[in-house]
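Bear in mind that the values in this text are calculations on the coordinates, not laboratory data. Note that the structure is a prediction, hence the values are computed from the model and not measured. Here the Cβ positions follow ideal geometry from the backbone for every residue, glycine too, while neighbour counts run over all protein chains shown.
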Amino acid sequence: MAEVTQDVTTETRKMDHIRINLEENVDFPRLTTGLEQYRFLHRALPEIDLADVDTSVTLFNKTLSVPILISSMTGGAEMAQRINKNLAIAAQKHGIAMGVGSQRAAIEDDALASTFEIRQHAPDILLFANIGAVQLNYGYGTEECQRAVDMIGADALILHFNVLQEAVQPEGDTNFAGLLKKVENVAKSVSVPIIAKEVGWGFSEADVRSLANAGVQAIDVAGAGGTSWSEVEFYRAQTQFHANVARSFADWGIPTADAILYAKAGAPNLPVIASGGIRNGIDIAKSIALGATVGGMAGPFLKAADISSEAVDHLVQELAAQIRISMLCTGSATIADLQQAELIKSS
């Protein structure tokens, strides 16, 4: 179990997160995404040509060639710079979206900004900046949020909500009181759209409705079933007390499939990003059929980016092929068609 100090720096914490995600099994022990409960109604006579299947989709006025988001993972640590570069090169090549990890470290220390600066490698992609929403209760405001956007030339800003992760960290920021009004102020003031993102436990319908009313313009559900950040914090714990508390929440959260449905019910007009345990293109296709606009993945991309940009490139090609074939076999010529494809849920 990793030894960390109570006054651990943000940079050190980010390095811990990368290392643990690469080296340890941090998946939910039992809770799943719920996507495995769904299967497509197979169309043996789809009446379309695979070559004519159009996987493009528009989000925030930018067109993605494939509905894939490289979900927010890292930044603010030296080793993150190489990972983000490898991810950005592949994102640019394939015309997909990318989010960076929390930029708090670079807000605290300008010297770390370079670990997030990927526009030189990906000038055209849909790119998301990222700040923890709870920081709005710890001195952050519109100025810091705009700095995060300007730092990387972002098209939108993610405000991530990680209440459980903060609660099980010895050094966590746990004052989530009164955040909604501050989110509303940021949404009114920052120059780009705001995305509300969970980090692996999902949003309820009521929370989505509140966020939409506050001016958030997209929801990244980041549901349960993939990486359990309480498991990550278990491996970071410096005492048995904190390890036991973190591990007890290993199967907490709203499964991704349910979270997508909650998001569409709570804010039917907002685009939904499906993430949380998405592992292949069929999962992305199922998520779109449930109501999402794009699907996001983090863990598989992190492992590929740790190897090379070519490994990321290969992963994107696999995902794109899986989405395209799923569309063919459901008779879906476009993403709009896929959103109407019939899913059968196991009883």
Residues 55, 227, 256, sorted so that the one with the fewest Cβ neighbours within 10 Å comes first: 55, 227, 256
Neighbour net charge for residue 145 - beta-carbon separation under 13 angstrom, K R +1, D E -1: 0
P(r) tail fraction, segment 74-152 - alpha-carbon pairs more than 17 Å apart, %: 42
Summed residue charge, Cβ within 14 Å of residue 204's Cβ, Lys/Arg positive, Asp/Glu negative: -2
Tilt relative to the chain, helix 179-189 - C-alpha long axis, 0 to 90 degrees, to 10: 70
Relative exposure of 286, 93, judged by other C-beta atoms within 10 Å (fewest first): 93, 286
Spatially near lysine pairs across the chain, Cα under 18 Å, sequence gap of 8 or more or different chains: 12
Ascending count of other beta-carbon atoms within 10 Å, so fewest first, for 334, 239: 239, 334
